[in-house]
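S.K.: Okay, handing you the structure first.
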Amino acid sequence: MKRNNFGPVVALDIDGTLGDYHGHFLRFSSDWYGRQMPDPTQINPGLPLHQFMRTSKTTYRQCKLAYRQGGIERSMPVYNGVDELCRSIRKAGAELWLCTTRPYLKLDTQCPNTLHWLRRNKIQYDHLISGTHKYRDLVKQVGKDRIVCVMDDLPEMLDQANSLGITTILRDQPYNRHYDQHNFAIYEMGGAKSLIVALLYDWKVNHGLDPRK
């Protein structure tokens, strides 16, 4: 059911966009596998993570499940400026949705771990949505016209948003630099803040709203 609010919506991914998931997970994986994983800053031209790690998909999923079940994601480093980015989006008059694919298997601890991480890092938001079809689900919830933009690090998720006609922002990472099917790319949170606030301003003007509110 769509909500009654008709204001602008901004959607942000969590892992790899607001927090350093890949670096954190690869450090955990080194201990889990008992061997050194690739450097997370190494350029990866679009390989699935399990191939980059030189492991089978089955074993990779076992490792990822151990990472999720152990609550390790609670200590994932947050990128500098994320708290200010989220505050600025809401202060600019947008409804902020955090959209995540967590987890690939449903776990009772998933929501508490995510909520703990958000509280711990003082990240303000309005709604949280989870699943592999997160942007399709977001459109069902709020309607496409309300969505100003989405920011994500995964090409397949940006493809999903693009297929819905949503403005996309790529969160630049070593593993997605081959991907060029996006409207904008950002490298740090200060740039994301300036870009999203500008997109919000344009959205309000185009919808006949006061852009200062």
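S.K.: If you check LEU49 against the conditions, is it out of contact with any helix residue (DSSP H, G or I) (no Cβ under 6 Å at 6 or more places or on another chain), surrounded by 20 or more Cβ atoms within 10 Å (Cβ to Cβ) and among the hydrophobic types (A, V, I, L, M, F, W, C)?
M.R.: On the way: out of contact with any helix residue (DSSP H, G or I) (no Cβ under 6 Å at 6 or more places or on another chain): yes; surrounded by 20 or more Cβ atoms within 10 Å (Cβ to Cβ): no; among the hydrophobic types (A, V, I, L, M, F, W, C): yes.
No, not satisfied.
S.K.: In segment 93-113, is there at least one residue being β-branched (Val, Ile, Thr), modelled with pLDDT of 95 or more and in contact with a Leu (Cβ under 8 Å, 6 or more places away or on another chain)? Before the answer, list the steps.
M.R.: Step one: of segment 93-113, the residues β-branched (Val, Ile, Thr) are 100-101, 109.
Now restrict to residues that are modelled with pLDDT of 95 or more: none.
There is no residue in segment 93-113 that is β-branched (Val, Ile, Thr), modelled with pLDDT of 95 or more and in contact with a Leu (Cβ under 8 Å, 6 or more places away or on another chain).
S.K.: State all residues of segment 16-39 that are in a loop (DSSP other than H, G, I, E, B) and within 23 Å of GLN181 (Cβ to Cβ); if no residue qualifies, say none.
M.R.: Taking segment 16-39 as the starting set, the residues that turn out to be in a loop (DSSP other than H, G, I, E, B) are 16-18, 20, 34-39.
Correct list: GLY16, THR17, LEU18.
S.K.: Follow-up question, since we're still on this one. Has segment 167-176 got at least one residue that is of a type outside the set (D, E, K, R), over 30 Å from SER75 (Cα atoms) and under 15 Å from the mean Cα position of the chain (by Cα)? Quick ask: steps written out before the conclusion?
M.R.: Here is the first cut: in segment 167-176, the residues of a type outside the set (D, E, K, R) are 167-170, 173-176.
Pick out the ones that are also over 30 Å from SER75 (Cα atoms) and you get 167.
Going one step further and asking which of them are under 15 Å from the mean Cα position of the chain (by Cα), we end up with 167.
Yes, segment 167-176 contains a residue that is of a type outside the set (D, E, K, R), over 30 Å from SER75 (Cα atoms) and under 15 Å from the mean Cα position of the chain (by Cα).
S.K.: While we're here: Looking at ARG54, ARG120, which is the one that is among the basic types (Lys, Arg), surrounded by fewer than 15 Cβ atoms within 10 Å (Cβ to Cβ) and at positive phi? Give the steps one after another, and end with the answer.
M.R.: Numbers: ARG120 fails: at positive phi.
Going through ARG54, ARG120 in turn, just one is among the basic types (Lys, Arg), surrounded by fewer than 15 Cβ atoms within 10 Å (Cβ to Cβ) and at positive phi: ARG54.
S.K.: Ok, one more. Kindly establish whether MET151 is under 15 Å from GLY16 (Cβ atoms) and part of a helix (DSSP H, G or I). Can you show your working first?
M.R.: Values: under 15 Å from GLY16 (Cβ atoms): yes; part of a helix (DSSP H, G or I): no.
Taking the combined requirement at face value, the residue does not satisfy it.
S.K.: Is there a residue in segment 173-183 that is touching a residue at least 60 places away in the same chain (Cβ under 8 Å), surrounded by 14 or more Cβ atoms within 10 Å (Cβ to Cβ) and in contact with a Cys (Cβ under 8 Å, 6 or more places away or on another chain)?
M.R.: Looking for residues that are touching a residue at least 60 places away in the same chain (Cβ under 8 Å), surrounded by 14 or more Cβ atoms within 10 Å (Cβ to Cβ) and in contact with a Cys (Cβ under 8 Å, 6 or more places away or on another chain), one finds none in segment 173-183, hence no.
S.K.: Would you call CYS86 closer than 30 Å to VAL205 by Cα, in a strand (DSSP E or B) and not aromatic (Phe, Trp, Tyr)?
M.R.: On the way: closer than 30 Å to VAL205 by Cα: yes; in a strand (DSSP E or B): no; not aromatic (Phe, Trp, Tyr): yes.
No; evaluated as a whole, the condition is false for this residue.
S.K.: Looking at segment 68-92, which of the residues that are closer than 15 Å to ARG27 by Cβ and surrounded by fewer than 19 Cβ atoms within 10 Å (Cβ to Cβ) is modelled with the lowest pLDDT? Before you say what the answer is, go through the steps one by one.
M.R.: If we filter segment 68-92 for residues that are closer than 15 Å to ARG27 by Cβ, which is where we start, we get 70, 72-77.
Right, trim to surrounded by fewer than 19 Cβ atoms within 10 Å (Cβ to Cβ) and you get 70, 72, 74-75, 77.
On the way: GLY70: 87, ILE72: 91, ARG74: 93, SER75: 95, PRO77: 97.
Once the filter is applied, the top-ranked residue is GLY70.
The values are calculated or read from the model by the stated rules, or taken from the named source; none is laboratory data. Keep in mind that what you see is a predicted model, and the values were worked out from it rather than measured. Neighbour counts run over all protein chains shown; Cβ positions are idealised from the backbone, glycine included.
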